Amino acid sequence: MINVLNAKLRSIPAWAVYILGTLPFLWLVYLLFSGGLGVDPVKALERGVGLIGLKFLVAGLAITPLRKFLGLNLLKFRRAVGLLAFFYVSLHLTVWLALDIQFFWGEIWADIIKRPYITIGMGAFVLMIPLAVTSNNRVLSKIGPVRWRRLHALTYPVLILAGVHYALIGKVWQIQALVYLLGIVILLLTRVRFAKCCSWIWQKVTPAT
Ligand code: HEM
């Protein structure tokens, strides 16, 4: 069953994911111009693209566990998913800069320094830049797979910062934000070598013979 599904997935070109991935953006643009974003369209757009960016980030992180535990092979689409995440997070930042805060630089710096969720979101965005610019075959062959993989481990702090950014928004904890944060932590834990971890704990708790 899973082999049939993997064979079907292999026949889907990666560009189809880019096209599908931009549909939510087009939908938001449509809602923006048709008045479908409510009384505060800028906030709704800002939040909308932020949430889609987070969804793509989490989807990218889920690709390896899906293969490891279910045998579902989506590796082919990982780059597209990661670049789409960067696209939406860049839009999120652009909406904040251009429409929300309207390039009022004094306020921009004050927000970045004083509001922890903005500081953390900015940290996540800055760490995403090297990931996005190295997500191509030219850089991969230039720096080699080992260094490339090491660099792309930046995905993990990005995910944690993004999850914390979301959780810190608002005066009260939002259930949805906490669910995302928990999901991110669980997905990150699946990347830890459990067998290694368990044997280390076992060695610690059992007396040496
Ligand atoms: C990886 C980077 C980031 C991700 C994944 C992300 C994601 C999110 C999410 C999911 C929301 C909440 C959406 C909702 O309420 O439904 C949000 C809100 C927001 N984010 Fe980000 N964000 C990121 C970076 C940034 C950056 C760099 C900035 C600005 C410097 C920023 C500014 C904001 C603002 C102003 C809000 C709205 C807060 C409010 O509701 O008043 N974010 N973001």
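Quick notes on this structure:
- Checking each residue in region 148-162 for being near the ligand (Cβ under 10 Å from one of its atoms) and within 21 Å of Lys68 (Cβ to Cβ) picks out Val158, Leu159.
- Any hit, region 100-107, residues being surrounded by 13 or more Cβ atoms within 10 Å (Cβ to Cβ) and in contact with a Phe, Trp or Tyr (Cβ under 7 Å, 6 or more places away or on another chain): no
- If only residues of region 165-178 that are at pLDDT 95 or above and more than 13 Å from Leu51 (Cα to Cα) are counted, the one that is nearest to the ligand (Cβ to nearest atom) is Leu168.
- Being within 21 Å of Ala44 (Cβ to Cβ), in a helix (DSSP H, G or I) and open to solvent by less than 80 Å² (accessible area, probe 1.4 Å) is a property that Phe77 lacks.
- Boolean, Gly50 is part of a helix (DSSP H, G or I), in contact (Cβ under 8 Å) with a residue 12 or more places away in the chain, open to solvent by less than 30 Å² (accessible area, probe 1.4 Å) and within 13 Å of the ligand (Cβ to nearest atom): yes
- Counting only residues that are farther than 30 Å from Lys171 by Cα and surrounded by 11 or more Cβ atoms within 10 Å (Cβ to Cβ), region 109-143 holds 10 of them.
- Checked against the criterion of being open to solvent by 40 Å² or more (accessible area, probe 1.4 Å), in contact (Cβ under 8 Å) with a residue 60 or more places away in the chain, in contact with a helix residue (DSSP H, G or I) (Cβ under 8 Å, 6 or more places away or on another chain) and farther than 21 Å from Leu140 by Cβ, the candidates Leu91, Leu70 yield just one match: Leu70.
- Taking the conditions (1) in a helix (DSSP H, G or I); (2) open to solvent by less than 40 Å² (accessible area, probe 1.4 Å); (3) more than 18 Å from Leu37 (Cα to Cα) in turn, Lys55 satisfies each one other than (2).
- Inside region 6-17, residues that are surrounded by 13 or more Cβ atoms within 10 Å (Cβ to Cβ) and over 25 Å from the mean Cα position of the chain (by Cα) make up a count of 0.
- Listed by first and then second residue, the pairs linking a residue in region 123-141 that is at negative phi to a residue that is open to solvent by less than 20 Å² (accessible area, probe 1.4 Å) and more than 15 Å from the ligand (Cβ to nearest atom), with Cβ atoms under 7 Å apart and 6 or more places separating them unless they lie on different chains, form an empty list.
- Scan of region 98-131 for residues that are outside any helix (DSSP H, G or I) and over 22 Å from the mean Cα position of the chain (by Cα), ordered by number: Ile101, Gln102, Phe103, Phe104
The values are calculated or read from the model by the stated rules, or taken from the named source; none is laboratory data. Computed from a predicted structure; not experimentally measured. We place every Cβ from the backbone using ideal geometry, glycine too, and count neighbours over all the protein chains shown. Note: areas computed on protein heavy atoms with side chains; ligands, DNA, RNA excluded. Shrake-Rupley method; radii C 1.70, N 1.55, O 1.52, S 1.80 Å.
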